[in-house]
Every structure is written in C-alpha cells, then in structure tokens.
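The values are calculated or read from the model by the stated rules, or taken from the named source; none is laboratory data. The structure displayed is predicted, hence computed values, not measured ones. Cβ placement follows ideal geometry from the backbone for every residue including glycine, while neighbour counts extend to all protein chains displayed.
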Amino acid sequence: MTLLNIYESEVSTEFKNFLDQIKTNIEAYSEAKLKAQKERMIIIGKIAEYKQSFPQRSTDHRLLVKAMKEEGWSDDVISNNLIAFRRYQKLMNSHSDWHPLAQAASVSHLLLMARADDGRLEHNALKYLKRHNKLPSLSAMRGYLAGWFDEKFMQRRRASGGGASSEFNAESFDKSSTFEFKIVEDNQLVLGEKLVSILNKIDMDKAFINDAFKEKLEPHNHQLEVLADWSKPIRNKSINL
C-alpha cells in the first residue's frame, strides 16, 4: 500500500486528523517521485540512443554504465525503463493527439502499453484521459487486457444468469496514475501471467513428440525444474511422537 492509498482506508478520527496534517506533503512527495521515475526513464533511453549512435566510444559507454549502477539501477530496471522509453518516443513521434497520453502516462503505464502492443489499449486510454483528465489505473488496464473490463475500463456484464455485475470497485481499482507500482514487480507479474497462458495453450501430447521443441527446452532445464518443484503444493508431514 502506498502512502496515498491510506486515504482510501477506513481509519479512526484521530488517525484521519493526523493524515490530514501530512496530506499535502505526501501528495508533493508522490508527484515528485513520479516525475523522478519519468526523468530516470528518459535518461536511460537517451543513454541507450547515445550508445547506439556512437558504438565505437566504449570508454564513454563504460562510464555511463558505471554511473547507472552507482545510482542503484539494476539490469531489470534499466531494461524495463528502456522498453517504456521506446513506447514514450513512439507516442511523441506520432500525431500530436497522442502527446497528452505520453506525457500523462507513468513509466508503468508505458510499460504495460508496450507489452500490449496492439494500439487498442493506447486508443482507449487516451479516450479515458480526455473524459476523466487522468489515466485508468494499472489494475484496470490489466483487467482490460485480460478481457474482464470493457473499453471504458469498467467491469464487463456477466455473460450468464441475466444479471449485471456492478462497476468495478473504485476504491480498489479506479486509482489515478499517481499510484505507481515497482517496475520489476510489474514485470514479473505480467511475465507470470503470460507463462500460465502459454502453458494452457500447449498441447502436451504434440509437444512430447516434437524433438525440435525439446532441443529448445534443454538449455532451460534448471529453470523448468525449479518452477516444477516450486509450484507443487506444500504437504504437511505428520510427526510421529
């Protein structure tokens, strides 16, 4: 839970009075944090462009890499921010109608749009931005990609039973773009969802007789074994007294 999320919770009167005293500071901190994350993304993207433009300047490259490491930017953070930057650049290099979306999007929003990569998410997110003056939450965007939410980022009506489900819980999902998720955590969540989706689509009978597929899997034996062991339910062992 982020600091701003606390204000959506049921709290005592005394605690609410305390929170009201620091709300301005928390809002300023959250805004500065998002701005810093966006600036970091642009720095990482510009560094990548420089390295690509001048591949022969290895000394410069090493200095830049060392500086990023000393900032505490891990390889995952750099990789994800670079993906987000390329989506940001694509929007900024498009028609000016797309510029407000690029400017309003957090790094996590841009990363999610890059992974979707079909244009529909961006189109609907831009329409939402124009209607509400903010972007839909990351949770709502994920729900849209999973088919649970419609193009307005509202929960879809039930397909059976004739009843309609209520709108998605605004307290849980309808957060503005100020609610940021860590890039690495988001990356792992999306990758995990993709892995489960792929596993559900694989025809195991055909996979077992596909030698080419087996050869591709062999270098990943260790990861597969770790996942297999980790995914097994933990059984409580009886203790003989």
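Do the conditions hold for residue 213, that is, is it modelled with pLDDT of 85 or more and either closer than 24 Å to residue 8 by Cα or not charged (D, E, K, R) (or both)?
In short, no.
Tell me, please, whether a residue that is closer than 30 Å to residue 139 by Cβ, charged (D, E, K, R) and at pLDDT below 80 can be found in the range 219-235.
Within the range 219-235, one or more residues are closer than 30 Å to residue 139 by Cβ, charged (D, E, K, R) and at pLDDT below 80.
So the check is Cβ under 6 Å with 6+ separation or different chains; which pairs have a first residue in the range 110-133 that's closer than 15 Å to residue 96 by Cα and a second one that's surrounded by fewer than 17 Cβ atoms within 10 Å (Cβ to Cβ)?
Between residues of the range 110-133 that are closer than 15 Å to residue 96 by Cα and residues that are surrounded by fewer than 17 Cβ atoms within 10 Å (Cβ to Cβ), the close pairs are 129/104.
Counting only residues that are closer than 30 Å to residue 134 by Cα and basic (Lys, Arg), which one in the range 31-68 is farthest from the chain's Cα centre (by Cα)?
46
Going by what's in this entry, would residue 26 be described as in contact with a helix residue (DSSP H, G or I) (Cβ under 9 Å, 6 or more places away or on another chain) and part of a helix (DSSP H, G or I)?
Numbers: in contact with a helix residue (DSSP H, G or I) (Cβ under 9 Å, 6 or more places away or on another chain): yes; part of a helix (DSSP H, G or I): yes.
Yes, satisfied.
Report, by residue number, each residue of the range 68-107 that is among the hydroxyl-bearing types (Ser, Thr, Tyr) and closer than 20 Å to residue 141 by Cβ. Full working, then the answer.
Just the residues of the range 68-107 that are among the hydroxyl-bearing types (Ser, Thr, Tyr), to begin with: 74, 79, 88, 94, 96, 106.
Matches in the range 68-107: 88, 94, 106.
Within the bounds of the range 99-118, is there any residue that is more than 22 Å from residue 40 (Cβ to Cβ), surrounded by fewer than 16 Cβ atoms within 10 Å (Cβ to Cβ) and within 18 Å of the chain's Cα centre (by Cα)?
So far as the range 99-118 goes, yes, one or more of its residues are more than 22 Å from residue 40 (Cβ to Cβ), surrounded by fewer than 16 Cβ atoms within 10 Å (Cβ to Cβ) and within 18 Å of the chain's Cα centre (by Cα).
Can you tell me which condition residue 142 does not meet? The list is (1) of a type in the set (D, E, K, R); (2) out of contact with any Gly (no Cβ under 9 Å at 6 or more places or on another chain); (3) modelled with pLDDT of 55 or more; (4) over 28 Å from residue 82 (Cα atoms), and all the others hold.
Among (1) of a type in the set (D, E, K, R); (2) out of contact with any Gly (no Cβ under 9 Å at 6 or more places or on another chain); (3) modelled with pLDDT of 55 or more; (4) over 28 Å from residue 82 (Cα atoms), the lone unmet condition for residue 142 is (4).
Only one of (1) in contact with a Phe, Trp or Tyr (Cβ under 9 Å, 6 or more places away or on another chain); (2) surrounded by 14 or more Cβ atoms within 10 Å (Cβ to Cβ); (3) without any contact (Cβ under 8 Å) to a residue 24 or more places away in the chain; (4) not small (Gly, Ala, Ser) fails for residue 42. Which number is that?
(3)
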